[in-house]
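The values are calculated or read from the model by the stated rules, or taken from the named source; none is laboratory data. Just so it is clear, the model here is predicted, and its values are computed rather than measured. We place every Cβ from the backbone using ideal geometry, glycine too, and count neighbours over all the protein chains shown.
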């Protein structure tokens, strides 16, 4: 027997793991959502600047709003450990970002909200996992949420409807190849 869901059923996605493609998966969902006429908030934690994905999203017009909360400059190039402790400013930016997302989510401004690298922000202590759980618990049923980044906390994956772990088998960056324009940045 097949379960029939209402047209407006929305879910919580988590894209995590050590492989390449977590943000790319979220960008693919964003593209599909825009094609369907949805309004999208693409919020990046620990990232700041005109990455090529940001340039592309801006070309989609008013259906996508882009926000960036932080720089991530305290993280090593491999991202597995901090070079230094996150600054108070970095922590404030991340927490203010989550607060802003909570507000616009509750106001119903967006159909899809992507929280890019939120898992990493939680892992490094910029945002308490309890604050993210609060966001999940207050999510209106007509809002689709996407969380990306390594180290997704168990508390989040347990509450998600879809969890994909991207596993690295092989990567040319390990051979010293720098991030390439149009592919990794």
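Quick notes on this one:
- Pairs with Cβ under 7 Å, 6+ apart, first in segment 16-41 and on the phi > 0 side of the Ramachandran plot and in contact (Cβ under 8 Å) with a residue 24 or more places away in the chain, second in a strand (DSSP E or B) and surrounded by fewer than 17 Cβ atoms within 10 Å (Cβ to Cβ): 17/165
- Scope segment 137-159; condition in contact (Cβ under 8 Å) with a residue 40 or more places away in the chain and touching a helix residue (DSSP H, G or I) at 6+ places or on another chain (Cβ under 7 Å); matching residues: 139, 143, 146, 147, 148, 149, 150, 151, 152, 156, 159
- Of all residues in segment 105-132, those being more than 16 Å from residue 149 (Cα to Cα) and not in a loop (DSSP other than H, G, I, E, B) number 6.
- Any hit, segment 161-183, residues being within 23 Å of residue 17 (Cβ to Cβ), touching a helix residue (DSSP H, G or I) at 6+ places or on another chain (Cβ under 8 Å) and part of a helix (DSSP H, G or I): no
- Cβ-Cβ distances below 7 Å connect the following pairs, each with a first residue in segment 160-185 that is modelled with pLDDT under 90, a second residue that is part of a loop (DSSP other than H, G, I, E, B) and surrounded by 10 or more Cβ atoms within 10 Å (Cβ to Cβ), and a separation of six or more residues or different chains: 171/20; 179/185; 185/51.
- Restricting segment 37-46 to residues that are out of contact with any strand residue (DSSP E or B) (no Cβ under 6 Å at 6 or more places or on another chain) and at pLDDT 95 or above, the residue that is farthest from residue 103 (Cα to Cα): 37
- Scope segment 23-46; condition surrounded by fewer than 16 Cβ atoms within 10 Å (Cβ to Cβ) and part of a loop (DSSP other than H, G, I, E, B); matching residues: 36, 37
- Leading residue by the ranking (surrounded by the most Cβ atoms within 10 Å (Cβ to Cβ)) among those in segment 47-59 that are at pLDDT 90 or above and touching a strand residue (DSSP E or B) at 6+ places or on another chain (Cβ under 9 Å): 57
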